[in-house]
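The values are calculated or read from the model by the stated rules, or taken from the named source; none is laboratory data. Every value quoted in this text rests on a predicted model; they were computed, and no experiment measured them. Glycine also receives a Cβ, built like all others from the backbone with ideal geometry; neighbour counts cover every protein chain displayed.
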Amino acid sequence: MGLMISGCSSNMSSNTPPVQGQIPVSMTMRDTPPAGVTVLAFEVHVTGATLQPADTSKADVSLVNGNLEIELRHLETESALLSTSGAPSGTYNSLTLTFANPEITIQNGTAAAITVGGTSCAVGAICEFQPTFNQSTVKIASAPFPLMLSSGTALSLDIDFDVDASLQSDLSVTPMVNVTPTVSHARGEMQEVDDLIGQVTAVGMNQFTLQPLAGPSLTINVDSGTQFEDFDKAGCAADNFTCVQMNQIVAVKLGVMDDDDESSTSTASLSLTAKKVELEDHFQKELEGKVASVNGTGNQFQLVVHDQAEALPGLHLGDILTVTVNSGAMFDVDQDGLTIPAGLQFQSISDMIVGQSVEVDPATVTPGTPGATVTTDHVRLHRTQVTGSVMSVTGANFTLGNLSALFTGAGTSTIQVQTSSQTSFENVAGVSSLSVNDTASVGGLLFNSTPAPVLLAEKVRKR
């Protein structure tokens, strides 16, 4: 069984293989983006997830072990792996989730200051809060429950944390989640997880062990379809599995695989197979986040931290950093297989705009309040997640409007979305199936362009 959560996340996970006779279950988590106040980061800890059997004489089944730190905001088109575990066959009437320690970073686009817990956020300001939970436990007993698990199947549960519905007018949190199950009866990929970052702690035959920043280690398989990127920058020209070494920091795009053969009577199982392994060592202490403001004259920009490859003293998810770009700094693009059309570039701070997601390699870090100051010699354009309304559709492209205040406050009212054969679609067959006023989340590379920014779409998810 697998459990996944969609939303912004540091991709912590629990990887406990099912015992003999159990049904494999995986969980992921994702995020439904908010309206109104612009939430730049939303961090929460998942401290428990249990299935309740219909037979009340049987014990609840725990799916998550430990305290998993999830940053929800950057999961509008992605999912984060929470666990792979197992559950006995039978009927289950509900799922109970327990959360703790919410932290949010907002941009106050309202007409008045916002105060939470004695901390005030002025109009137009970007601020961090530690809101309170109105309830920390959520029990889902309606659809899709009851769920029946039988021998020879595997189950994945996709947990959609609805930030919009969860965040109350006083910025307290009442968790609202939706659960989408997928029951597999045959071997194949059940779920996909992007950018699981960690350190390689062991390398074996067609597999390696990854230790995320926090949480248990994961065994990840590679096969003939696994792509390897940026190892040549560390001197390994082969750019294949032979380049993977102990202690490297890598980002992994993986599939949660159901290994069961439908014709077999053996117990089903789940495994993790790498679709892409990208070396992150050229970013010695990588920080990733969303650009909240740009001061080209001062060679500075503000960054709201969404992820970090390793723990840096004084830095946390959701922090607001002031980044100074050193003279001669390198700018490049994490293409992730996308073809960049002529005329789109990311070569200097003049190519940066609010809303882009970037990685920086900190040369220096100076802690401060409310946020640290960082200098960098390397800025890399990364995948951006944007949600809005479809304003028009033209061929393979469409215009996205009704953007968040983060964009509109910086003068961006629309974004031109370009799709290609490299774009994947969820909940919609393709661009031709999109209609005006549809709500869509798009993940891809966002470029500064006129008359409007251009987003090269890697994924489009209809809401």
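Has region 211-219 got at least one residue that is more than 17 Å from the chain's Cα centre (by Cα) and at pLDDT below 85? Yes. Checking the stated criteria, residue 332 turns out to be in contact with a Lys or Arg (Cβ under 6 Å, 6 or more places away or on another chain) and modelled with pLDDT under 95. Within region 133-164, the set of residues being hydrophobic (A, V, I, L, M, F, W, C) and either crowded, with 16+ Cβ neighbours inside 10 Å or under 19 Å from the mean Cα position of the chain (by Cα) (or both) comprises 133, 138, 140, 145, 147, 149, 154, 155, 157, 159, 161, 163.
The residue that is surrounded by the fewest Cβ atoms within 10 Å (Cβ to Cβ), among those in region 42-57 that are part of a strand (DSSP E or B) and polar (S, T, N, Q), is 47. Among residues of region 58-87 that are surrounded by fewer than 22 Cβ atoms within 10 Å (Cβ to Cβ) and at pLDDT below 80, those with a beta-carbon under 8 Å from a residue that is small (Gly, Ala, Ser) and assigned to a strand (DSSP E or B) at least six positions away or on a different chain give the pairs 65/14; 65/83; 66/14.
Residues in region 202-258 that are assigned to a strand (DSSP E or B) and without any contact (Cβ under 8 Å) to a residue 24 or more places away in the chain were compared, and the one that is farthest from residue 47 (Cα to Cα) is 204. For residue 432, the test of being among the polar types (S, T, N, Q), over 23 Å from the mean Cα position of the chain (by Cα) and either more than 19 Å from residue 345 (Cα to Cα) or crowded, with 17+ Cβ neighbours inside 10 Å (or both) is passed. Within region 444-457, the set of residues being in a strand (DSSP E or B) and under 15 Å from residue 387 (Cβ atoms) comprises 444, 446, 455, 457. With the structure loaded, tell me whether residue 425 is farther than 20 Å from residue 74 by Cα and assigned to a strand (DSSP E or B) or whether it fails that test. It is false that residue 425 is farther than 20 Å from residue 74 by Cα and assigned to a strand (DSSP E or B).
Of everything in region 382-398 that is at pLDDT 95 or above and assigned to a strand (DSSP E or B), the residue that is surrounded by the fewest Cβ atoms within 10 Å (Cβ to Cβ) is 394. Residue 427 fulfils the conditions (1) out of contact with any Lys or Arg (no Cβ under 6 Å at 6 or more places or on another chain); (2) surrounded by fewer than 15 Cβ atoms within 10 Å (Cβ to Cβ) except for a single criterion, (1). When residue 75 is tested against (1) outside any loop (DSSP other than H, G, I, E, B); (2) hydrophobic (A, V, I, L, M, F, W, C); (3) within 19 Å of residue 254 (Cα to Cα), just one condition goes unmet, and that condition is (1). Scanning region 359-381 for residues that are surrounded by fewer than 22 Cβ atoms within 10 Å (Cβ to Cβ) and small (Gly, Ala, Ser) yields a total of 2.
Here is the figure for region 334-381: residues that are under 21 Å from residue 418 (Cβ atoms) and touching a residue at least 12 places away in the same chain (Cβ under 8 Å) total 23.
Of everything in region 399-424 that's more than 30 Å from residue 108 (Cβ to Cβ) and without any contact (Cβ under 8 Å) to a residue 40 or more places away in the chain, which residue is surrounded by the fewest Cβ atoms within 10 Å (Cβ to Cβ)? Residue satisfying both the conditions and the ranking: 421.
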